[in-house]
Structure formats: C-alpha cells, structure tokens
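Okay, so here's the structure we're looking at.
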Amino acid sequence: LLPRFGLTTRLHVCQELLVLTRTNLKLGEQYSLLPSWYNAVLCLMLGDDDEGGLQEQLFVTIMELLHTILWRFYEKAGSLSKDQIGRILLAVDELGPKIFKSTAVIKMRLFELIIHSMNLELKRSGYDGAITADHTSLLELLEHFMFTKVEEEEGSEDWSDLSCVKQWSSKLVQEILLFFNLLGVWDGKSDMELYRISLRVLLGCLHHHSYEYVSTAASKLHTLLDHPYSALIPLL
C-alpha cells in the first residue's frame, strides 16, 4: 500500500525503519530472514513522481536500509550470504522499469555500500590474509555486474570498447581496488580465480573516465608483470 502514498510519507516510513534496524539488532536480523522484505523495501521506489524533489533522498535512504538489513544478516550468520545479495539483485531486476532509478544505479550503489563495509571489517579485524568464501562470492557477483553490459550487447569481451566501464562510479572503483589490496590479491595471497578477476577490473580501469584510476591501473599492471599468474594477462 505504501507506494500509493506520496514521497514524503514513504521517506518518513523508510527513515523510521532505518533507525529501528540500526538500533534494534534483533529486529534487523528478523527482517533479513523475510523472503519478501527486500521486494517490499524496493517497492517504495515505485512510480516516477518526484514530489518536492525527494526522489534522491528517498533512494539514498532505501539503499542504506537495504544495506543495514543485509549487514545485520552478516553479523548474525558470521558470513555474507551470496543468496542474500542475490535476493536483492533479483528483486531489483523484477521491479526494473517500475521504479524511478535504473537497475544499474541501484546495483552500483548496493555494491559500493557492501564493499565499503567489507573494507572496514577487514581493517577493524586485523585481516590475517585468509581469503574466505564470502570474499570470493562477493567478487564473483561484482564481476558479473561490472561486465554484464558488454557480454549482453557486444556478445564478446571486446577491450577496445568497454562501454560498461564508463558507468563504473569512482566510488565503486576506489572501494574495489582497496578491497583487492586489503585481501592481498596482488601479493601472492590469493588463488588464480581472484587474481583473474582483479586483472579484469584493472584492465577495465584503463578505460575509466577518471585519469586517476587509469594511472593507478597502469602502474599496478606494470608491477604485476613478474607475478606468477601474469601469464593470464594476454588471455583476458
């Protein structure tokens, strides 16, 4: 019923839910287990009315709410379920054209928030270099998102025209490069699969609109030429 109300009401409800889930750990954990919860939250973005210019504020609050619920699940289960993230991505795809933000923008923001939290967790916990299934699953989901457009529209991974890279936000690039560093992916601590994903992202960064990330990627790729897995570079 909420989508029938104006943006002001929806924003108020979303803000109240956000406060509740941040302050009541048990409530946040319960929400994370409800199969329809993510759909219900995303339904707050149904329609294209921008009453009082509140769409952007509502979008930011909704993404914070989704991320908070997801992180409550992580804190309860002790791991970041690939299924939990997948449920949000599926809900986004199902609602697609009915909501006022594009699916790409929603997914981009979600991954920014998740990886940022993972980076904070790695720093806080004094990361010991052990790469877990959570790290691998998250990077696999992220890789699929970051390169899906090329695979769908081009039919192949043509590095001369990575149109999808132009849509990568600077925040996403910043967080994922930090994630690779914190995991020690380029220090010989990861398996070949994670190293392959990191190389693919670095090669994509060469096409990014920010010169800072082009320079960072070029410098990192140069230092990786002596890495044991460097033979993968010509294969990407």
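Laboratory data are not the source of any read-out in this text; all were calculated from the coordinates shown. Just so you know, these numbers come straight off a predicted model, no measurement behind them. Using ideal geometry, Cβ is built from the backbone for each residue, glycine included, and neighbour counts are taken over all protein chains shown.
Where a ≥ b ≥ c are the square roots of the eigenvalues of the C-alpha gyration tensor, would you call the range 48-96 rounded, which needs a/c under 1.5, or, failing that, prolate if a/b is larger than b/c, or oblate? The shape class here is oblate. Working ranking of peptides 194-200, 135-141 by packing, defined as the average number of other Cβ atoms within 10 Å per residue, highest first, is 194-200, 135-141. Annotation for Lys123 and His222: the two label points, set 7 Å from Cα along the Cα-Cβ direction, are 2.7 nm apart.
Here the 3J(HN,Hα) profile of the range 8-16, calculated from phi with Karplus coefficients 6.51, -1.76 and 1.60 at θ = phi - 60°, is 4, 5, 4, 5, 4, 4, 5, 5, 5 Hz, Gly and Pro shown as x. A Förster distance of 25 Å, applied to the separation of the beta-carbon atoms of Leu54 and Glu94, puts the FRET efficiency at 0.55. The stretch between Glu16 and Leu178 holds 55.1 nm of extra length on full extension. This uses 0.36 nm per residue minus the Cα-Cα distance.
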